[in-house]
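Participant: Below are the structure tokens for one structure; questions will follow.
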Amino acid sequence: MKSARLNRLFGVSGNCFDVAIDHGMFNERTFLAGIENMKTAIEVIADAAPDAIQLPPGTAPLLQAIPGKHRPALVLRTDIANIYGNPLPSQLFSEMIDRAVEQGVALDAACVVVNLLVLPDQPEVYRACVRNVNSLKRECEIYGMPLMVEPLVMQDNSKGAYMVDGAIDKILPLVRQAAELGADIIKADPCDNVEEYHRVVEIAQGLPVLVRGGGRVADQEILIRTKQLMEQGARGIVYGRNVIQHQNPAGMTRALMAIVHDKASVEQALLHIA
């Protein structure tokens, strides 16, 4: 069943565009821009037909209630963390939802996703994430559920909330650890020098690497970056804010799908947004 679920997640091109709309899971007001009404946000994105939409268990049924055979696959967010505020809380955590893989099966998910977080001077969060990945891995094998691991190297929150560290020498070992822990799919940040991303793909040992989008940037910048990443061997993208906070979320979805699946140029992709 794992291969069947992977076939639902990846298009016939062998690539995947997963739109992340799971930001409400993390109890941060600034994460809610563009998704105040989840039913509308999900329906708009689903109508643009990405390969998948990433959701928490509470709003995943809104996607699965859409009639027809062609709605995007569900990627189920399985963990909650309180690491995104500035300043950080005095006690940090990363917790799994209860019986995560069973919930994924019940919700007809094609994949479950979990963080592998490294924060400066916060080893307890990292340890909790390793435990989370370990607990999911065996359950995923039993149920035939693909496991997406999201290795994220974070900057000190005093520099600003939700800022990742793009240093490739920090990204590489965490991506490799995610592979060694048993990930089926890696969701990794772009590095500071996009031209080095082939090293991230290589260190993942043949696993499909989907690139995380990060903060909101200009249309041309995100499309150029996506084109460069795909040309270096990435198997797709997982973008949230650059889609859901866009004035034309459906158009941006179609523009990115053209690059991910059809190898469109940036100029061709921009026509979907105009």
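Participant: Can you confirm whether the stretch 6-29 contains a residue that is open to solvent by 10 Å² or more (accessible area, probe 1.4 Å), of a type in the set (Phe, Trp, Tyr) and in a loop (DSSP other than H, G, I, E, B)?
Facilitator: yes
Participant: Go through the stretch 180-200 and count every residue that is open to solvent by less than 60 Å² (accessible area, probe 1.4 Å) and farther than 17 Å from VAL153 by Cβ.
Facilitator: Residues flagged as open to solvent by less than 60 Å² (accessible area, probe 1.4 Å) and farther than 17 Å from VAL153 by Cβ within the stretch 180-200 amount to 3.
Participant: Which one of ASP47, ASP108 is outside any strand (DSSP E or B), open to solvent by 30 Å² or more (accessible area, probe 1.4 Å) and touching a strand residue (DSSP E or B) at 6+ places or on another chain (Cβ under 7 Å)?
Facilitator: Checking each option against the conditions leaves just ASP108.
Participant: Additional query: Out of ASP47, ASP98, ASP22, ASP79, report the one residue that is touching a residue at least 60 places away in the same chain (Cβ under 8 Å), of a type in the set (Asp, Glu) and within 22 Å of ARG131 (Cα to Cα).
Facilitator: Every option except ASP22 fails the conditions.
Participant: Where residues in the stretch 208-232 are more than 15 Å from the chain's Cα centre (by Cα) and in a loop (DSSP other than H, G, I, E, B), which of them is farthest from VAL133 (Cα to Cα)?
Facilitator: This residue is ALA218.
Participant: Answer yes if at least one residue in the stretch 37-58 is among the basic types (Lys, Arg), more than 20 Å from GLN245 (Cα to Cα) and either at pLDDT 95 or above or touching a helix residue (DSSP H, G or I) at 6+ places or on another chain (Cβ under 9 Å) (or both), and no otherwise. Before you say what the answer is, go through the steps one by one.
Facilitator: Our first condition is that a residue be among the basic types (Lys, Arg); within the stretch 37-58, this holds for 39.
From the residues that got through so far, the ones that are more than 20 Å from GLN245 (Cα to Cα) too are none.
Within the stretch 37-58 (the criterion being among the basic types (Lys, Arg), more than 20 Å from GLN245 (Cα to Cα) and either at pLDDT 95 or above or touching a helix residue (DSSP H, G or I) at 6+ places or on another chain (Cβ under 9 Å) (or both)), the answer is no, since none of the residues qualifies.
Participant: If ALA100 meets every condition in (1) in contact with a Pro (Cβ under 8 Å, 6 or more places away or on another chain); (2) open to solvent by less than 10 Å² (accessible area, probe 1.4 Å) apart from one, which number is that one?
Facilitator: Only one criterion is unmet by ALA100, namely (1).
Participant: Identify, please: which residue in the stretch 67-90 is in a loop (DSSP other than H, G, I, E, B) and touching a strand residue (DSSP E or B) at 6+ places or on another chain (Cβ under 7 Å) and is, among those, nearest to GLN155 (Cα to Cα)?
Facilitator: ILE83
The values are calculated or read from the model by the stated rules, or taken from the named source; none is laboratory data. Given the structure is predicted, the values throughout are model-derived calculations rather than measurements. Virtual Cβ from ideal backbone geometry, glycine too; neighbours counted across all protein chains shown. For accessibility, only protein heavy atoms count, side chains too; no ligands or nucleic acids. Shrake-Rupley method; radii C 1.70, N 1.55, O 1.52, S 1.80 Å.
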